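Engineer: So that we are looking at the same thing, I have put the structure below in structure tokens.
Rule-based calculations on the coordinates, nothing more; no lab input. Everything numeric in this text was worked out from a predicted model, so none of it was measured. Note: ideal-geometry Cβ built from the backbone for every residue, glycine included; neighbour counts use all protein chains shown.
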Amino acid sequence: MKLTRYKGNPILTPTPERLWESFCVCNPGAWYENGTVTMLYRAAPDTDEHPIYFGLARSRDGFSFERVSEEPVFGPMEGAFDGGCVEDARIVKLDGVFYVTYAARMFPPGAYYRNTISLTHFVPEPFRHESAPKAMKWNLTRSGLAATTDFRAWTRLGPITAPDVDDRDVILFPEPIQGRYWRMHRPSEWVGDAYGCDRPSIWISSSGDMLKWDSSEILAQPAFEWEGKKIGGGTPPIRTDRGWLTLYHGVCRDHIYRAGALLLDLEDPRMIIGRSPEPILEPEEDYELRGMFPNVVFPTGNVVIDGTLFVYYGCADKVIGAATVPLEAFVDYLADNPPAG
């Protein structure tokens, strides 16, 4: 079952009026409440350092978004674990507070898309030494957690992944399950016999406070040719009558990013009860095939409006697209496709 693209895509594009979002806008988090979709989107300029920020936009119909921030509403904090960039917001709300997970680097990632600047280009010389911490030396991605009630004032709760592993796509479940908080994440280096998987996979763990997370276990591994290189989480889970619905991204050997979906048990989210055997969205349109990083659809936000699932996704790391599907029919489709084995 495929998602249906919005005919007016892309719904948000770079704007030359503001340097910080003049080159790319993509990979947004989303929340729907009181008739309004709030979007927290990734944005960056085409500079050597390529710092990455979050901007804010809102919509009444889920398609037509208006920017509501002249300046970034959230960005890198110099000298901190997220001093170089903040990327790929995922949003949940618990007890009246929005919790946003995001990927971050200590130093600017640089214009890596030019193939002349690497992710370690802006690591200061003293931190390139062999004895330097791994996260600093290699400018690894860690994932952070921040809290807000209005998307303007923020409390940074710090990193919630290990300092020696490139770990991103951290996504919280929107409510406690069996008295504990749950998250998915994608530690890229957890591959090999010691980890039980041969390619980067989606892992899951629980916590009593959202800050200290217990031992993780594999949730899903690449299972189909279209995701044969790696998979990673996409959108925050949505509770349905038949299970937790969450979208993910899969990357094939030719480095094409496609989207899939999982249905997880409501009481034990470590159990997959449905999985899309075919991509639900793949690069087909020009704005998905060409951009800063070609051949990419990357879902990061989803909301439900009047029984329709709205999915927001990054297109070629350059612009933002929207796609929809009837929620009930989509969940039934997943439930009718249990995972092999």
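Engineer: Is it the case that T116 is hydroxyl-bearing (S, T, Y), assigned to a loop (DSSP other than H, G, I, E, B) and under 25 Å from R186 (Cα atoms)? Walk me through it before giving the result.
Structural biologist: Working: hydroxyl-bearing (S, T, Y): yes; assigned to a loop (DSSP other than H, G, I, E, B): yes; under 25 Å from R186 (Cα atoms): no.
So T116 does not fit the description; no.
Engineer: Out of the residues in the stretch 175-195 that are within 16 Å of K229 (Cβ to Cβ) and of a type outside the set (G, A, S), state the one that is surrounded by the most Cβ atoms within 10 Å (Cβ to Cβ).
Structural biologist: R186
Engineer: Do we find that E70 is on the phi < 0 side of the Ramachandran plot, of a type in the set (D, E, K, R) and assigned to a loop (DSSP other than H, G, I, E, B) in this structure? Full working, then the answer.
Structural biologist: Details: on the phi < 0 side of the Ramachandran plot: yes; of a type in the set (D, E, K, R): yes; assigned to a loop (DSSP other than H, G, I, E, B): yes.
When the stated conditions are applied, E70 passes them.
Engineer: Against the condition charged (D, E, K, R) and either assigned to a strand (DSSP E or B) or surrounded by fewer than 22 Cβ atoms within 10 Å (Cβ to Cβ) (or both), how does D82 come out, does it pass? Please lay out each step first, then the result.
Structural biologist: Values: charged (D, E, K, R): yes; either assigned to a strand (DSSP E or B) or surrounded by fewer than 22 Cβ atoms within 10 Å (Cβ to Cβ) (or both): no.
Judged against the criteria, D82 is not a match.
Engineer: Give, as residue ranges, the strands (runs of 3 or more DSSP E) completely inside the stretch 272-341 that count at least 1 residues that are in contact (Cβ under 8 Å) with a residue 12 or more places away in the chain, over 27 Å from Y41 (Cβ atoms) and out of contact with any Gly (no Cβ under 7 Å at 6 or more places or on another chain).
Structural biologist: Numbers: elements: 272-275, 297-305, 308-315, 319-326.
Answer list for the stretch 272-341: 272-275.
Engineer: Still on this structure, I have one more. Can you tell which of D193, D169, D150, D214 is out of contact with any Cys (no Cβ under 6 Å at 6 or more places or on another chain) and in contact (Cβ under 8 Å) with a residue 24 or more places away in the chain? Before you say what the answer is, go through the steps one by one.
Structural biologist: On the way: D193 fails: in contact (Cβ under 8 Å) with a residue 24 or more places away in the chain; D150 fails: in contact (Cβ under 8 Å) with a residue 24 or more places away in the chain; D214 fails: in contact (Cβ under 8 Å) with a residue 24 or more places away in the chain.
After applying the criteria, what remains is D169.
Engineer: Another question, if that's okay. So which residues in the stretch 175-188 are on the phi < 0 side of the Ramachandran plot and over 18 Å from the mean Cα position of the chain (by Cα), if there are any at all?
Structural biologist: First, pick out the residues of the stretch 175-188 that are on the phi < 0 side of the Ramachandran plot: 175-177, 180-188.
Within the stretch 175-188, E175, P176, I177, R180, Y181 qualify.
Engineer: A further question on this structure: For D61, are the conditions met, namely being touching a strand residue (DSSP E or B) at 6+ places or on another chain (Cβ under 9 Å), farther than 21 Å from V170 by Cβ, charged (D, E, K, R) and in a loop (DSSP other than H, G, I, E, B)? Steps first, answer last, please.
Structural biologist: Details: touching a strand residue (DSSP E or B) at 6+ places or on another chain (Cβ under 9 Å): yes; farther than 21 Å from V170 by Cβ: yes; charged (D, E, K, R): yes; in a loop (DSSP other than H, G, I, E, B): yes.
For D61, the condition - touching a strand residue (DSSP E or B) at 6+ places or on another chain (Cβ under 9 Å), farther than 21 Å from V170 by Cβ, charged (D, E, K, R) and in a loop (DSSP other than H, G, I, E, B) - is met.
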